[in-house]
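Undergrad: Supplied in structure tokens, the structure appears directly below.
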Amino acid sequence: QVQLVESGGGLVQAGGSLRLSCAASGRTISSAAMGWFRQAPGKEREFVAAVSSSGGYTNYADSVKGRFTISRDNAKNTMHLQMNSLKYEDTAVYYCAVDFDNRWLPKDIDVWGQGTQVTVSS
């Protein structure tokens with residue numbers, strides 16, 4: 001069974017940067033697309049970014065384009081999200097995800113990580 005563990009969250013000032021990591025264990029996920037969602041208090045979970053199994057294709061939510069970069073290392077079964085120029089509005093719990101059918105809707109996600117808190121102060 002695939003398990004996902006996020007790390008790298010924390011508290012940063014607006015304009016700062018964080019790098020999130022997601023490590024997969026229990027089974028290789030090199031054949032599946034991976035991505036990130038986030039959820040702020042009182043809000044629905046929203047898509048942030050995704051990367052194809054090969055790492056050659058990426059997709060980003062409009063709110064993070066130009067600021068966030070997603071990547072993966074299949075040899076290590078890891079995925080990363082480089083977050084630059086952080087805004088207060090980026091504050092949320094960030095979740096690593098695997099989606100075998102590549103639809104990237106919250107209800108269709110096959111495996112979720114436990115989440116890591118990102119807090120951006122103004």
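The values are calculated or read from the model by the stated rules, or taken from the named source; none is laboratory data. No experiment lies behind these values; they were computed from the predicted model shown. A quick note on method: Cβ atoms are made from the backbone with ideal geometry, for glycine too, and the neighbour counts reach across all protein chains shown. Ligands, DNA and RNA are stripped out before the accessible areas are found, and what is left, the full protein with its side chains, is counted by its heavy atoms. Shrake-Rupley method; radii C 1.70, N 1.55, O 1.52, S 1.80 Å.
Undergrad: Considering (1) in a strand (DSSP E or B); (2) in contact with a Lys or Arg (Cβ under 6 Å, 6 or more places away or on another chain); (3) more than 15 Å from Gln3 (Cα to Cα), say which one Ile70 fails and leave the rest.
TA: The failed condition is (2).
Undergrad: Turning to a different aspect of this structure: Within segment 42-64, how many residues turn out to be surrounded by fewer than 11 Cβ atoms within 10 Å (Cβ to Cβ) and closer than 19 Å to Leu18 by Cβ?
TA: 0
Undergrad: More than 18 Å from Cys22 (Cα to Cα) and touching a residue at least 12 places away in the same chain (Cβ under 8 Å): does that describe Arg67?
TA: Answer is yes for this residue.
Undergrad: Restricting to segment 105-122, count the residues that are at pLDDT below 95, open to solvent by 40 Å² or more (accessible area, probe 1.4 Å) and not in a helix (DSSP H, G or I).
TA: 3
Undergrad: Still on this model: Taking segment 16-38 as the search range and keeping residues that are more than 14 Å from the chain's Cα centre (by Cα) and either among the polar types (S, T, N, Q) or within 13 Å of Gln82 (Cα to Cα) (or both), which one is most open to solvent (accessible area, probe 1.4 Å)?
TA: To start, the set of residues in segment 16-38 that are more than 14 Å from the chain's Cα centre (by Cα) comprises 16-17, 25-32.
Now narrow it down to the ones that are either among the polar types (S, T, N, Q) or within 13 Å of Gln82 (Cα to Cα) (or both): 16-17, 25, 28, 30-31.
Working: Gly16: 23, Ser17: 62, Ser25: 54, Thr28: 84, Ser30: 47, Ser31: 101 Å².
Among residues in segment 16-38 that are more than 14 Å from the chain's Cα centre (by Cα) and either among the polar types (S, T, N, Q) or within 13 Å of Gln82 (Cα to Cα) (or both), the one most open to solvent (accessible area, probe 1.4 Å) is Ser31.
Undergrad: Moving to a separate point now. Is there a residue in segment 65-77 that is open to solvent by 60 Å² or more (accessible area, probe 1.4 Å) and touching a Leu at 6+ places or on another chain (Cβ under 9 Å)? Even if it seems obvious, please write down each step before you answer.
TA: Step one: filter segment 65-77 for residues open to solvent by 60 Å² or more (accessible area, probe 1.4 Å), giving 65-66, 69, 75-76.
Subset that is touching a Leu at 6+ places or on another chain (Cβ under 9 Å): 69.
Yes, segment 65-77 contains a residue that is open to solvent by 60 Å² or more (accessible area, probe 1.4 Å) and touching a Leu at 6+ places or on another chain (Cβ under 9 Å).
Undergrad: When the residues of segment 82-104 are filtered to those that are in contact with a Phe, Trp or Tyr (Cβ under 8 Å, 6 or more places away or on another chain) and not in a strand (DSSP E or B), which remaining residue is most open to solvent (accessible area, probe 1.4 Å)?
TA: Filtering first and then ranking leaves Asn84.
Undergrad: How many residues are closer than 23 Å to Lys87 by Cα and either out of contact with any Gly (no Cβ under 9 Å at 6 or more places or on another chain) or in a loop (DSSP other than H, G, I, E, B) (or both) when one looks only at segment 39-57?
TA: Of the residues in that region, 7 qualify.
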